[in-house]
Amino acid sequence: LSGKGYRPDGSSASYLHPGGVGHGTAAAFDKPFGRDFVGLQNSKNNQAPSPVIWYGDYVLVGAGCEPGPGKAGFRQAARAGDGTMKTVTLKDYKERMLRVLVHIQQRLDDPLTLAKLARLACFSPYHFHRIFKGMLGESVQEHIRRLRLERAAIQLKLSEASVINVAFDAGYETHEAFTRSFKAMFGLAPSRFRSDQRPLRWSRAPSGVHYHRGKKLQHFKTIQPGGVKMNVTIKTMPATRVAFMRHVGPYAEVGVTWDKLLPLMGKEGLLGGDTMFIGLCHDDPEVTPPDKIRYDACVTVDESFVPQGDIGRQVIPGGEYAVTTHFGPYNKLGETYAKLFGQWLPRSGREMGSTPCFEVYLNDPQSTAPADLLTDIYVPLKTR
Amino acid sequence: MTTPAKIDLFQLHKAEYAAARKPALVTVNPASYLAIAGQGAPGGPEFTAKVGALYAMAYTIKMTRKFAGQQDYVVGKLEGLWWLADPRRPQVALPREQWRWTLLIRTPDFIQTDELCQAAAAILKKGKTPEAGEVKLEILAEGLCVQMLHVGPYERIAESVALMQTFAEGKGLVLHGVHHEIYLSDPRRVPTERLKTIVREPVTKR
């Protein structure tokens, strides 16, 4: 998530288990003393009361989604006749994504909604955008905009259409907006580009997908895992009971909600030693308009907690989650999500569930430098 | 109307936390801490429970004040005082199970005992974290200290202490207080070779 600013006011810093070395006198240091450091298996963290209800409104992709046999070679992880599991491979992910890319190329002038594109690929609409961005290296909107601009560039060079008509065709309402976007991509204003003698060319997109009329798109390149190796573990989580306050608005402002929730919980003695601080993310900030983003600031509680005022109660569903740690400021969380969805997931043999992702804040943003912040990202996986 | 800025003791007393990779002298003024004492190996059940209790108290006190609209402050970093050796026979290192320690979180002076008791009562009433009742408010006056930043696993802090001892001796000083560690990194995820810890040794003239 591209959440900015700070998250919880407090943190589950109670999980901090620094070892310590001590001595009564310097003489004690004459001997080397082996000291293994503190295991971090907080099995305690993961225990939660049994589930009650899952609060939320998630669309489950399932019925009506599975295409008939032979349709673009689509395969889904499914129970095979002999009862063994079939794994979803990178190839499956690519085939499904290719259908989306072909559709975009063929229907570049249609209103291309995320929900519709997600349906084509049989991805949960909730997670589709992130998988797309992670695999293609650009968001769905950026991809569509780029293709429309590439088509506009071809029109400028090869047709007599006026610049303003080319702009309209590319989905722009004003000459200025078109010029701005065009210049940003091709380095020249549309009229200059048209009169320029140099041949039509553009820099290659990481996915290798460019506007192409006629021939059907056959393949594309996924972003290769690079940089620091991503450490992802699959954890089975019990259902987790939480008290929460809903934030509706920009991610950058979720701190305001934490600032309200934590004093209310704290004064009641509800921030115990093993309390976890969780952000439940109902929307992807890259898709949902900032003023509509729903985010729940959550604190783990036991069954005796009674909802009061603006503080509600819900149960985060248990099950298998892919978990990775994001190191650094909250406004860079989006990069870790993209890597997890686009690089790890398609190679994991797994598919995502359709419940929301959540974030567990491991330290206190007030006393921790942004570069040292630690956040565990939990992504739900479909049961197999 | 302006609300007073949040107090951050770590920033406010920067000079006391100054630590480079080489030993240096610092003077540490008396300071107020939330403290909980215990015994046993770091990471053992008692240690873990008490770290939790200390944080529970720190956040409950802070949040109660915040709710009441009183002066807000940043909860400090975790610190620890350690006794590794038998005080009667200081040359003899104790087994891990017998290590004694006091875990600390520095707290503004305006936090008083009544707030501490109120917070403990609130936590205990909710049946959470029974060790919360053991957290005390203490003042630690360390005065002149040798201090340095240790980067790496906790197991190798002894090497830094040896450097500090040599440094102190060069200045005609001896380590005479309780070994003090201030944890800047979170060992749950940070690789051990990157863990940062301020190591502080009170000293006195030989």
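Some observations on this one:
- Within the stretch A:155-184, the residues that satisfy the criterion of being crowded, with 16+ Cβ neighbours inside 10 Å and of a type in the set (A, V, I, L, M) are A:156, A:163, A:166, A:167, A:170.
- Unmet criterion (only one of (1) within 30 Å of residue B:63 (Cα to Cα); (2) assigned to a loop (DSSP other than H, G, I, E, B)) for residue A:354: (1)
- Scanning the stretch A:241-273 for residues that are in contact (Cβ under 8 Å) with a residue 24 or more places away in the chain, of a type in the set (D, E, K, R) and part of a helix (DSSP H, G or I) yields a count of 3.
- Single match in A:323, A:306, A:301, A:360 (criterion: within 13 Å of chain B (Cβ to nearest Cβ), of a type in the set (Val, Ile, Thr) and without any contact (Cβ under 8 Å) to a residue 24 or more places away in the chain): A:306
- Yes/no for residue A:196 being over 19 Å from the mean Cα position of the chain (by Cα), crowded, with 16+ Cβ neighbours inside 10 Å and acidic (Asp, Glu): no
- Considering the stretch B:127-176, the residues that are part of a strand (DSSP E or B) and under 19 Å from residue B:205 (Cβ atoms) include one that is nearest to the other protein chains (Cβ to nearest Cβ), namely B:175.
- Within the stretch A:369-383, the set of residues being assigned to a loop (DSSP other than H, G, I, E, B) and either closer than 13 Å to residue A:321 by Cα or in contact (Cβ under 8 Å) with a residue 12 or more places away in the chain (or both) comprises A:373, A:382, A:383.
- Residue in the stretch A:328-347 that is outside any helix (DSSP H, G or I) and within 14 Å of chain B (Cβ to nearest Cβ) present: yes
- The residue that is farthest from the other protein chains (Cβ to nearest Cβ), counting only those in the stretch B:184-201 that are buried (at least 22 other Cβ atoms within 10 Å of the Cβ) and assigned to a strand (DSSP E or B), is B:200.
- Condition check for residue B:179: within 16 Å of residue B:16 (Cα to Cα), at the interface with chain A (Cβ under 9 Å from one of its Cβ atoms), of a type outside the set (A, V, I, L, M, F, W, C) and surrounded by 21 or more Cβ atoms within 10 Å (Cβ to Cβ): yes
- The lone exception for residue B:81 - which of (1) touching a Gly at 6+ places or on another chain (Cβ under 8 Å); (2) modelled with pLDDT under 90; (3) facing another protein chain (nearest Cβ under 8 Å) it fails: (2)
The values are calculated or read from the model by the stated rules, or taken from the named source; none is laboratory data. Only a predicted model underlies this, so the values are computations on that prediction, with no experimental measurement involved. Don't worry about glycine lacking a Cβ; one is built from the backbone with ideal geometry, like all the others, and counts go over all protein chains shown.
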